[in-house]
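Notes to accompany the following structure.
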Amino acid sequence: MTRRFNFLLGTTLAISVVFLGLPVVAIFTRIGPGELVRQLGTDVATDALLLSFKTSGIALGVILLVGTPAAYFLATRRFPGRNVVITILELPLVLPPAVAGIGLFAALGSRGLLGGTLDAFGVQLAFTQAAVVVAVIFVASPFYVRQAIASFEAVDTSLLDAARTLGAGPARTFFRVSIPLAASGLAAGATLSWARGLGEFGATILFAGSLQGVTQTAPLAIYDAFSVDTRTAQALAAVLILTSLGVLLIAKALPSWKNSNSQSAYRFGRSTSS
């Protein structure tokens, strides 16, 4: 009976690996290294990749700058409506991409809720490169914030209390104790958030459009090229697969990095400043 059950488990695992891995492997069997380099040298591929890395990098910077203190606040405070706030922050995780794009257009488009206010300051977001960044932030930030909340909640509160006892104010405790101790979790969230932003499609095409060299990211270029030149589409897909694989391997390696560095990360000096 045990042997049959183990066989059943192994069979389901094999089916899962083949089903999920075969489409990825198939891309690399259809395009060799030489063809891959040649296709990536086209203007469409180069522009799309550069724009993708640029906009996702800017978006990640904004996510880290705003999301880190926001996650720390939610992790260390309890207040009425906290669960509602967290639910709102996590909602883009389950929204269909097209709904995200429509929502951004309805809120920030020229005729959106804030369109008149933006126009008054001379700001036009829709169908610009800035719109790509905004779309990426919207869909990718929950991946970081959710992980950051969990990482800050996992920090030993006795260490924070010790820092305060030794004279470190709230701000110094945040920067010199909480962030270093939660660093690996924050890094994991950041890498996953960046990877999600790099592959964003639905919200971007609706809110920013797909103009080569301006708003056309790699996923949008794949979509456009698929009906014209499948080689270019496959080459771009291969690059995104390799990038995603690298991000996933980095994220998986971070917990072991945390275990080996958590003790050395706790550094702060005696201070009476805040």
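The values are calculated or read from the model by the stated rules, or taken from the named source; none is laboratory data. Fair warning: this is a prediction, and the values are worked out from it, not measured in the lab. Don't worry about glycine lacking a Cβ; one is built from the backbone with ideal geometry, like all the others, and counts go over all protein chains shown.
Only one entry in LEU51, LEU60, LEU64 is of a type outside the set (Lys, Arg), out of contact with any Asp or Glu (no Cβ under 9 Å at 6 or more places or on another chain), modelled with pLDDT of 95 or more and within 20 Å of ASP224 (Cβ to Cβ), namely LEU51.
Pairs are defined by a Cβ separation below 7 Å, a sequence spacing of at least 6 or placement on different chains, a first member in the stretch 153-172 that is in contact (Cβ under 8 Å) with a residue 12 or more places away in the chain and surrounded by 15 or more Cβ atoms within 10 Å (Cβ to Cβ), and a second member that is hydroxyl-bearing (Ser, Thr, Tyr) and not in a loop (DSSP other than H, G, I, E, B); the pairs so defined are VAL155/SER178; LEU160/THR173; LEU160/SER178; ALA163/THR173.
Does VAL37 meet the test of being surrounded by 10 or more Cβ atoms within 10 Å (Cβ to Cβ), over 26 Å from the mean Cα position of the chain (by Cα) and farther than 23 Å from ALA188 by Cα? Here the answer is yes, as VAL37 does meet what is asked.
I need the full set of residues from the stretch 199-257 which are of a type in the set (S, T, N, Q), surrounded by fewer than 18 Cβ atoms within 10 Å (Cβ to Cβ) and without any contact (Cβ under 8 Å) to a residue 40 or more places away in the chain, in order please. Across the stretch 199-257, the qualifying residues are SER227, THR230, SER256. Looking at GLY122, GLY167, GLY112, GLY103, just one residue is out of contact with any strand residue (DSSP E or B) (no Cβ under 8 Å at 6 or more places or on another chain), part of a helix (DSSP H, G or I) and over 18 Å from GLY67 (Cα atoms), and that residue is GLY103.
GLN147 meets each of the listed conditions (1) over 24 Å from the mean Cα position of the chain (by Cα); (2) buried (at least 22 other Cβ atoms within 10 Å of the Cβ) apart from (1). Being modelled with pLDDT under 95 and surrounded by 14 or more Cβ atoms within 10 Å (Cβ to Cβ) holds for only one residue in ALA140, ALA182, ALA120, and it is ALA182. Looking across the stretch 67-83, the residues that are at negative phi and either without any contact (Cβ under 8 Å) to a residue 60 or more places away in the chain or in contact with a strand residue (DSSP E or B) (Cβ under 7 Å, 6 or more places away or on another chain) (or both) come down to PHE73, ARG77, ARG78, PHE79, PRO80, ARG82, ASN83.
Here's the yes/no breakdown for (1) loosely packed, with under 14 Cβ neighbours inside 10 Å; (2) out of contact with any Lys or Arg (no Cβ under 8 Å at 6 or more places or on another chain); (3) on the phi > 0 side of the Ramachandran plot:
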| position | (1), (2), (3) |
| --- | --- |
| LEU22 | yes, yes, no |
| ALA26 | yes, yes, no |
| ASP43 | yes, yes, no |
| ASP47 | no, yes, no |
| LYS54 | no, yes, no |
| LEU89 | no, no, no |
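Applying a threshold of 7 Å to beta carbon distances and a minimum spacing of six or more residues, or different chains, the list of pairs starting in the stretch 22-35 at a residue that is in contact (Cβ under 8 Å) with a residue 60 or more places away in the chain and within 14 Å of LEU236 (Cα to Cα) and ending at one that is surrounded by 14 or more Cβ atoms within 10 Å (Cβ to Cβ) and among the charged types (D, E, K, R) reads ILE31/ARG231; GLU35/ARG231. Residue check: is GLY61 farther than 16 Å from LEU236 by Cα, in contact (Cβ under 8 Å) with a residue 24 or more places away in the chain, within 15 Å of the chain's Cα centre (by Cα) and part of a helix (DSSP H, G or I)? Judged against the criteria, GLY61 is not a match. Taking the stretch 107-117 as the range and being out of contact with any Leu (no Cβ under 7 Å at 6 or more places or on another chain) and either surrounded by fewer than 17 Cβ atoms within 10 Å (Cβ to Cβ) or modelled with pLDDT of 95 or more (or both) as the test, the residues that pass are SER110, ARG111, LEU113, GLY116, THR117. If the condition is being hydroxyl-bearing (Ser, Thr, Tyr) and assigned to a helix (DSSP H, G or I), then the stretch 1-53 contributes THR2, THR11, THR12, SER16, THR29, THR46, SER52.
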